[in-house]
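Below is one structure; the comments refer to it alone.
The values are calculated or read from the model by the stated rules, or taken from the named source; none is laboratory data. Note that the structure is predicted; figures quoted are calculated from it, not measured. Here the Cβ positions follow ideal geometry from the backbone for every residue, glycine too, while neighbour counts run over all protein chains shown.
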Amino acid sequence: MNAAARVARECEAWEDVCPLDDVLPGTGVCAMVAGQQVALVRTASPDALYAIGNFDPFSKAFVLSRGIVGDRAGVPKIASPIYKQSFDLRTGECLDDAQVRVPTYDVRVEQGRILVYREPRRIGTR
């Protein structure tokens, strides 16, 4: 595969989701990425953006984007709006049950638009 084909393939792997301004600091929104519900979460302090699976494994509902955004001992997290289990926004690990995790996705901002990588990260990768 030549360099141009690799660049084209890499561009196709990222999905343009919405303007950054659509996600206010301290909130989350749900977006469809490659047919999956993904919670886009923007923390307020510091202002950072994360993407995790929207499915809450405890309540069995797609609700994490509506969760409570904050931190626990410096770890950026979102708490499920149903039973309040918290998930590390960086790794997807449940902070209340280390055996449970949700998928995480690479996310970036280009020209004021949020792009999410179409495949979830492999466990143990950043």
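Filter region 83-97 for residues that are of a type in the set (Ser, Thr, Tyr) and more than 12 Å from the chain's Cα centre (by Cα); which is farthest from ASN54 (Cα to Cα)? Before you say what the answer is, go through the steps one by one.
To start, the set of residues in region 83-97 that are of a type in the set (Ser, Thr, Tyr) comprises 83, 86, 91.
With the extra rule that they be more than 12 Å from the chain's Cα centre (by Cα), the set shrinks to 83, 86.
Numbers: TYR83: 15, SER86: 13 Å.
Looking at residues that are of a type in the set (Ser, Thr, Tyr) and more than 12 Å from the chain's Cα centre (by Cα), I get TYR83.
Scanning region 10-35 for residues that are under 23 Å from LEU95 (Cβ atoms) and touching a residue at least 40 places away in the same chain (Cβ under 8 Å), we see that the one that is nearest to the chain's Cα centre (by Cα) is GLY28.
Just one of (1) at pLDDT 95 or above; (2) out of contact with any Leu (no Cβ under 7 Å at 6 or more places or on another chain); (3) hydroxyl-bearing (Ser, Thr, Tyr) fails for SER80. It is (2). Does region 58-80 include one or more residues that are part of a loop (DSSP other than H, G, I, E, B), in contact with a strand residue (DSSP E or B) (Cβ under 7 Å, 6 or more places away or on another chain) and without any contact (Cβ under 8 Å) to a residue 12 or more places away in the chain? No - not one qualifying residue is present in region 58-80.
Please enumerate the residues belonging to region 45-63 that are under 17 Å from PRO25 (Cα atoms) and at pLDDT 95 or above. Explain how you work it out, then say what you get.
Residues of region 45-63 that are under 17 Å from PRO25 (Cα atoms), as a first pass: 45-52.
Listed by number, the residues that qualify are ALA48, LEU49, TYR50, ALA51, ILE52.
Looking across ARG66, ARG122, one residue alone is out of contact with any helix residue (DSSP H, G or I) (no Cβ under 6 Å at 6 or more places or on another chain) and modelled with pLDDT under 95. It is ARG122.
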